[in-house]
Amino acid sequence: MRKVNPFKPTAGAEPPVLAGRDAVLDDFEIGLEEGVGAPGRLMRITGPRGSGKTVLLTELGDIARQRGWRVVDVTAAEHLPQLICRRLEKTDSVDYSVELDLMVVKAKAQKEEPHRTEDIYEALERVAGKLTEKGKGLLVTIDEIQDASVEDVREIAVAIQHLIRERRNIAFVFAGLTAGVMNLLGEDGPTFLRRAYPKELDTIPVGEVEAALRATFEKNGVRIDEGALATAADSTAGYAYLIQLVGYNIWRAAQVRGGGEFDAISAEDVEKGVAVARREFERTVLETAIAHLPKTAMEYLVAMSEDVLASSTGEIASRLGVPASSLSTARKLLVSRQVIEPTARGYVGFSIPFMREYLIENREALLARYGVEG
Ligand SMILES: Nc1ncnc2c1ncn2[C@@H]1O[C@H](COP(=O)(O)OP(=O)(O)O)[C@@H](O)[C@H]1O
Ligand SMILES: [Mg+2]
């Protein structure tokens, strides 16, 4: 029988094995155990696209559900507080922790008055209050929070802070792109949220990537030797999406070679799979990130690619032969599109792995798009 490819190179899709997240999962679980005021109950998860934020929110939700907590997951949109209120209405009076006859639950939910006039605080209090009495709690997660308005986020934060003061079992985890979240929490952002336990999803250590790849192959009855595994793991640069993309394409290569039948991964499968994954990554991630940039922004990136580590913004300006102040619009645009990020005052670095290599390899073609010679 044809083996089903277990890897999941799709945004938000739960990976077969979660690499490098034990510490966050533990901190969260301890937070639920420790009770009101535990730091693990208030978390902010930041990282570039494809670093595994959405998946991590799902995992944290699973942990909460296993403990009988109710979970409300939302993605930032307009009128976010109202959206959360609506979700709380829907989950009203459904108790996941005990087996209830579905019909009874439905009948009860229908009878209950809708809480149309509630504000976010009242809605959260109604649900979290009941759950707290039962020794359970409520987890609220917000994904892509960089797209929310400061006012909405502040309103939600104030409500949650009140509930914590009132000793309700409530946990709040929000995730978003690093620069966007920093913006949201900066200057006049809610102080309460700035104190949220920060978890930046940067590179996953290569050993953990190896372990996750090995476990995924072996669980599915496929052997892979140490050398092949090391090459595969290295090629992911510890980037969550690449773990799935590389694994998926190695599996594919083995499948094609064996005409559907295979029980081991060869060095050649790894070589082919990594090459395909890399091309796919360039097309879907790198090219998408820099498509339709204005000329100055593209020149800025190409100038940055000369540096192995971070680039000095002053140095970039002198490479381009212009005053530093004339580049601030381009820099801001690149930061807001999560192509680059400030690494220290006056320094920037690439936010996405392999961007530098891509710019170096394609320098001439990229600049030619703007009629500039590389
Ligand atoms: N810890 C992890 N280990 C292995 N693969 C992961 C991990 N986290 C996420 N992935 C995979 O990475 C990809 C992107 O995950 P996602 O949560 O959508 O990222 P983000 O929300 O940060 O853009 C998905 O294919 C997912 O299966
Ligand atoms: Mg996401």
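The values are calculated or read from the model by the stated rules, or taken from the named source; none is laboratory data. As the structure is a prediction and not an experimental result, all values here were calculated from the model. Here the Cβ positions follow ideal geometry from the backbone for every residue, glycine too, while neighbour counts run over all protein chains shown. Areas reflect the complete protein model, heavy atoms only, side chains present, ligands, DNA and RNA absent. Shrake-Rupley method; radii C 1.70, N 1.55, O 1.52, S 1.80 Å.
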Response to the item:
Residue count, segment 175-230, condition within 16 Å of ligand 2 (Cβ to nearest atom) and of a type in the set (Gly, Ala, Ser), comes to 4
Practice prompt. Six or more apart or on different chains, Cβ under 6 Å: which pairs go from a residue in segment 10-26 that's within 16 Å of ALA233 (Cα to Cα) to one that's open to solvent by 50 Å² or more (accessible area, probe 1.4 Å) and more than 16 Å from ligand 2 (Cβ to nearest atom)? Could you list them?
Written response: ALA19/GLU208; GLY20/GLU208
Discussion item. Can you pull out every residue in segment 60-75 that is within 30 Å of PRO342 (Cα to Cα) and in contact with a Phe, Trp or Tyr (Cβ under 9 Å, 6 or more places away or on another chain)?
Written reply: LEU60
Practice prompt. Give me a count of the residues in segment 57-73 that are of a type in the set (Val, Ile, Thr) and within 13 Å of ligand 2 (Cβ to nearest atom).
Written response: 1
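Within segment 136-162, can you find the residues that are in a helix (DSSP H, G or I), open to solvent by 10 Å² or more (accessible area, probe 1.4 Å) and within 16 Å of ligand 2 (Cβ to nearest atom)?
Within segment 136-162, the first condition is being in a helix (DSSP H, G or I), and the residues that meet it are 145-147, 150-162.
With the extra rule that they be open to solvent by 10 Å² or more (accessible area, probe 1.4 Å), the set shrinks to 146-147, 150-152, 154-155, 158, 161-162.
Selection gives GLN146, ASP147.
Does segment 193-208 contain any residue that is more than 16 Å from ligand 1 (Cβ to nearest atom), closer than 25 Å to GLY349 by Cβ and in contact with a helix residue (DSSP H, G or I) (Cβ under 8 Å, 6 or more places away or on another chain)? If you could, list the steps in order and put the result at the bottom.
Taking segment 193-208 first, the residues more than 16 Å from ligand 1 (Cβ to nearest atom) are 193-197.
In the following step, the residues that additionally are closer than 25 Å to GLY349 by Cβ were identified as 194, 196-197.
This time we only want the ones that are in contact with a helix residue (DSSP H, G or I) (Cβ under 8 Å, 6 or more places away or on another chain), so: 194, 197.
Yes: segment 193-208 contains one or more residues that are more than 16 Å from ligand 1 (Cβ to nearest atom), closer than 25 Å to GLY349 by Cβ and in contact with a helix residue (DSSP H, G or I) (Cβ under 8 Å, 6 or more places away or on another chain).
When you check VAL55 against the structure, is it at pLDDT 95 or above and more than 14 Å from ligand 1 (Cβ to nearest atom), yes or no?
On the way: at pLDDT 95 or above: yes; more than 14 Å from ligand 1 (Cβ to nearest atom): no.
When the stated conditions are applied, VAL55 does not pass them.
What about ILE84, is it part of a helix (DSSP H, G or I) and at pLDDT 95 or above? Steps first, please.
Details: part of a helix (DSSP H, G or I): yes; at pLDDT 95 or above: yes.
Yes.
Listed here are the residues, each with its yes/no results for (1) surrounded by 19 or more Cβ atoms within 10 Å (Cβ to Cβ); (2) under 30 Å from ASP225 (Cα atoms).
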| position | (1), (2) |
| --- | --- |
| ALA275 | no, yes |
| ARG279 | no, yes |
| PRO323 | no, no |
| LEU334 | yes, no |
Fill in: Selection status of ASP269, within 16 Å of ligand 1 (Cβ to nearest atom), over 20 Å from the mean Cα position of the chain (by Cα) and of a type outside the set (Gly, Ala, Ser)
no
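State yes or no: is ALA253 in contact (Cβ under 8 Å) with a residue 12 or more places away in the chain, within 15 Å of ligand 1 (Cβ to nearest atom) and either part of a helix (DSSP H, G or I) or farther than 29 Å from LEU333 by Cα (or both)? Please lay out each step first, then the result.
Values: in contact (Cβ under 8 Å) with a residue 12 or more places away in the chain: yes; within 15 Å of ligand 1 (Cβ to nearest atom): no; either part of a helix (DSSP H, G or I) or farther than 29 Å from LEU333 by Cα (or both): yes.
Considered against the rule, which asks whether it is in contact (Cβ under 8 Å) with a residue 12 or more places away in the chain, within 15 Å of ligand 1 (Cβ to nearest atom) and either part of a helix (DSSP H, G or I) or farther than 29 Å from LEU333 by Cα (or both), ALA253 comes out as no.
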Worksheet item: Restricted to segment 31-56, and to residues that are open to solvent by 10 Å² or more (accessible area, probe 1.4 Å) and under 17 Å from ALA19 (Cα atoms), which residue is farthest from ligand 2 (Cβ to nearest atom)?
Response: PRO48
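Do we have PRO81 as within 21 Å of the chain's Cα centre (by Cα), in contact (Cβ under 8 Å) with a residue 40 or more places away in the chain and away from ligand 2 (no atom under 16 Å from the Cβ) here? Walk me through it before giving the result.
Details: within 21 Å of the chain's Cα centre (by Cα): no; in contact (Cβ under 8 Å) with a residue 40 or more places away in the chain: yes; away from ligand 2 (no atom under 16 Å from the Cβ): yes.
For PRO81, the condition - within 21 Å of the chain's Cα centre (by Cα), in contact (Cβ under 8 Å) with a residue 40 or more places away in the chain and away from ligand 2 (no atom under 16 Å from the Cβ) - is not met.
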Practice prompt. Residue by residue through segment 209-267, note down the ones that are among the aromatic types (Phe, Trp, Tyr) and open to solvent by 10 Å² or more (accessible area, probe 1.4 Å).
Written response: TYR239, TYR241, TYR248, PHE262
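Would you be able to tell me the number of residues in segment 1-24 that are within 16 Å of ligand 2 (Cβ to nearest atom) and buried (at least 17 other Cβ atoms within 10 Å of the Cβ)? Working first, answer last.
Kept after step one, since they are within 16 Å of ligand 2 (Cβ to nearest atom), are these residues of segment 1-24: 8-15, 18, 21, 24.
Right, trim to buried (at least 17 other Cβ atoms within 10 Å of the Cβ) and you get 8-9, 15, 18, 21, 24.
Final tally of qualifying residues: 6.
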Worksheet item: Given ARG363, ARG345, which one is closer than 28 Å to ASP234 by Cα and either surrounded by 19 or more Cβ atoms within 10 Å (Cβ to Cβ) or of a type in the set (Lys, Arg) (or both)?
Response: ARG363
Practice prompt. Could you please tell me which pairs satisfy a Cβ distance under 9 Å, a separation of 6+ or placement on different chains, a first residue in segment 257-283 that is free of Cβ contacts under 8 Å to residues at least 24 places away in the same chain, and a second residue that is buried (at least 19 other Cβ atoms within 10 Å of the Cβ) and β-branched (Val, Ile, Thr)?
Written response: LYS272/ILE250
